[in-house]
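Notes follow the structure.
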Amino acid sequence: LVKMSTGLDRLSAVDPRRRVDRSNYKDPNMPEYPGAVFLNHVGIRTAQVGSILACGIIAPLRWIQKGRKEKLFSVVMPRIGGSFFVGGYLFGAGAVTVLAFAGTKMRNGLPLTVDGVDDRAYRITQNQNLQKQNDFVSAAMLASLVSGRSMAGKGFFGHMAVGATAGTLACVFAYGAMPEIRKKYWPQVKPQINSALASAGLPKL
């Protein structure tokens with residue numbers, strides 16, 4: 001009975017309904033529902049992984065196996081991606097709940113207690129790189145959803161999965177590949193481009 005009570009106490013830490021009194025914290029930007037922030041963060045990340053696997057690998061393979069009879073981007077990807085998107089989200093959120101009940105520690109060494117979850121939720125909302133990634137993914141999911149519905153496509157979560165995949169890849173390119181390209185390759189390519197522009201009578205970059 002004591003062990004079960006302890007597990008339930010830990011489980012309350014990730015309860016999305018748990019509300020904190022912000023006046024008890026130094027920073028007023030502390031999330032009001034830290035459990036919801038943390039669960040949603042993990043759920044979205046695992047949903048992204050599921051979407052990328054589904055849209056990038058599984059859907060094309062299934063499309064080829066089926067003889068390319070259906071449209072890949074508007075039919076196969078949304079259908080398979082939607083299942084993996086929802087499944088990934090539920091898996092991530094569910095795993096956190098189980099780990100909290102079991103008393104498992106997070107990667108930063110903090111236990112999944114009220115203090116540990118509150119600390120992690122605060123760090124999530126203050127992480128600028130993470131927020132940029134969220135912006136990319138959210139914008140891409142919205143764009144994919146709107147375009148999918150306007151084309152009479154089926155599958156709410158399917159189009160969100162396609163958008164999540166595109167947004168994640170765009171974010172990786174923008175903040176991962178582009179700085180390296182600007183630093184390493186652009187100085188080599190820029191003179192060639194300027195030379196071609198000058199030959200054409202156009203202004204240089």
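Points worth noting:
- Of all residues making up the stretch 22-36, the number that are within 13 Å of VAL114 (Cα to Cα) and assigned to a helix (DSSP H, G or I): 3
- Residues in the stretch 69-92 include none that are touching a strand residue (DSSP E or B) at 6+ places or on another chain (Cβ under 8 Å) and either at pLDDT below 90 or surrounded by 14 or more Cβ atoms within 10 Å (Cβ to Cβ) (or both).
- Residue list for the stretch 72-120, filter: polar (S, T, N, Q), in contact with a helix residue (DSSP H, G or I) (Cβ under 7 Å, 6 or more places away or on another chain) and outside any helix (DSSP H, G or I): THR113
- Selection of first residues in the stretch 46-68 that are acidic (Asp, Glu) and of second residues that are exposed (fewer than 11 other Cβ atoms within 10 Å of the Cβ) and assigned to a helix (DSSP H, G or I), restricted to Cβ pairs under 9 Å at least 6 apart or on distinct chains, gives an empty result.
- Checked against (1) within 16 Å of ALA166 (Cα to Cα); (2) buried (at least 20 other Cβ atoms within 10 Å of the Cβ), PHE38 passes all but condition (1).
- The requirement of being at negative phi, buried (at least 21 other Cβ atoms within 10 Å of the Cβ) and either not basic (Lys, Arg) or not in a loop (DSSP other than H, G, I, E, B) (or both) is not satisfied by LEU11.
- Complete set of residues in the stretch 116-129 that are of a type outside the set (S, T, N, Q) and in contact (Cβ under 8 Å) with a residue 40 or more places away in the chain: GLY116, VAL117, ASP118, ARG120, ALA121, TYR122, ILE124
- The one condition from (1) at pLDDT 85 or above; (2) in contact with a helix residue (DSSP H, G or I) (Cβ under 9 Å, 6 or more places away or on another chain); (3) not hydroxyl-bearing (Ser, Thr, Tyr) that PRO179 does not meet is (2).
The values are calculated or read from the model by the stated rules, or taken from the named source; none is laboratory data. Since we're looking at a predicted model, the values are computed, not measured. Positions of Cβ are generated from backbone atoms using ideal geometry, with glycine treated the same way; all protein chains shown enter the neighbour counts.
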